[in-house]
């Protein structure tokens, strides 16, 4: 078993290394013309990013000093989210890159054709000017004084001499184009350096730049810049969505056994708050204020309240003492409580005025409210016990069960539960992680029916790891129970 875990770890590290190398290559190496400050800075970022990411996860799991966890958490977890969307954007960029290259090449061809046309026009104008100069020579000769009579040879010589002088003057005044060495362009006929120089400066066009970036470098910068902007924008908006606090959802759930007297009973369901080195006391206060504003009859905290010890996070959880509901607040453990000292947190929650349901049940007016421990508790001998929580109840009464993970629905069906309230999935939190979460859970988010039992799964109020959500907005759900007799 140890060997299997080691192999899985090695494969995971190899995959992460390959993804970072790919992102570095496309964003740094391909967008820089050679070794220099920009490439060195880019390389440093792609080395520091994964180190901070691993440091953030390891410090939390190892229970490192809380100040160190907080120092590593923000940059490390944000890099985790950023590299996901950098890689996704760059993969999309691989399909866009040929299109951008084609556009750039087409524009280059059009520009070259315009330059050639302008150069030919300039050459024609010079040739026409030269011909005009030649045609004016006889007129100049005819203005000369007439030769003495009887001297035909002298007259012919004078005309010839005048013509020669004019031709020499015309040639000497024309630019020396043909004397320049010829060069071979990327396309089209060979042109001389001089003709390129003349053509490039004509009609207000700038001269050709030898130091301009190559087309490949230009395309890499366009695609890489767009990918980076998309990734930063996505992570920025997703982080803002978490920090501003969860939104309230309202769901009506009819229960066949619910009496008319309990019709309209409202349960505020909150899960996965994940107080820790990133989300602290201020976030807890936001959650409390949002819940209290709904004026619920009962509050259900269905696990993953914290990521850390009571010593470190006790002050952050203190605002939960101000939760207000007519029938009180109740709590069941999630898997992260067992990473953080579940026993201590159960005692802390009780001191905050929240009632833990550890494989237990309480009778309310109109229905039974039960709760079971999370399956992670089995590692400590404190796993879920449905028999203890539900074994001796009156099955003619409606039953609402609090259970952190949706996978516990199958036991709930066997024990005749009417409604199970869960969290755990975060709705996937970071797209496309929703596909993985959906495959691992019977319900990803929302309300579904399993036989005579209904399951409602909240996306959760907070976030684990990156304080970021993409495609899975956080929520607090007010579940309103409806009686079919009403």
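The values are calculated or read from the model by the stated rules, or taken from the named source; none is laboratory data. This structure is a prediction, so every number in the text was calculated from the model and none was measured. With ideal geometry, Cβ positions are generated from the backbone for all residues, glycine too; neighbour counts draw on all protein chains shown.
Here are some notes:
- Test: residue in the range 443-459 that is part of a loop (DSSP other than H, G, I, E, B), touching a helix residue (DSSP H, G or I) at 6+ places or on another chain (Cβ under 6 Å) and without any contact (Cβ under 8 Å) to a residue 12 or more places away in the chain: no
- Looking only at residues of the range 235-250 that are surrounded by 15 or more Cβ atoms within 10 Å (Cβ to Cβ) and in contact with a strand residue (DSSP E or B) (Cβ under 6 Å, 6 or more places away or on another chain), we find that the one that is nearest to residue 460 (Cα to Cα) is 246.
- Here 314, 343, 377, 387 are screened, and the one residue that is assigned to a helix (DSSP H, G or I), without any contact (Cβ under 8 Å) to a residue 60 or more places away in the chain, buried (at least 22 other Cβ atoms within 10 Å of the Cβ) and in the same structural domain as residue 403 (by TED's automatic domain parsing) is 377.
- Of the numbered criteria (1) closer than 23 Å to residue 469 by Cβ; (2) within 19 Å of the chain's Cα centre (by Cα), the one residue 25 fails is (1).
Yes/no per residue for (1) in the same structural domain as residue 108 (by TED's automatic domain parsing); (2) at pLDDT 95 or above; (3) part of a loop (DSSP other than H, G, I, E, B):
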{"site": "170", "(1), (2), (3)": "no, no, no"}
{"site": "195", "(1), (2), (3)": "no, no, no"}
{"site": "221", "(1), (2), (3)": "yes, no, no"}
{"site": "254", "(1), (2), (3)": "no, yes, no"}
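- Boolean, residue 470 is under 17 Å from residue 299 (Cα atoms) and touching a residue at least 24 places away in the same chain (Cβ under 8 Å): no
- Matching entry among 412, 472, 403, 445 (being over 25 Å from residue 256 (Cβ atoms) and surrounded by 17 or more Cβ atoms within 10 Å (Cβ to Cβ)): 472
- When 288, 301, 235 are checked against the criterion of being assigned to a helix (DSSP H, G or I), closer than 30 Å to residue 57 by Cα and not assigned by TED's automatic domain parsing to the domain that holds residue 94, a single residue qualifies: 288.
- Within the range 256-266, the set of residues being surrounded by fewer than 13 Cβ atoms within 10 Å (Cβ to Cβ) and part of a helix (DSSP H, G or I) comprises 260, 261.
- Residue in the range 59-71 that is more than 21 Å from residue 312 (Cβ to Cβ), assigned by TED's automatic domain parsing to the domain that holds residue 219 and touching a residue at least 40 places away in the same chain (Cβ under 8 Å) present: no
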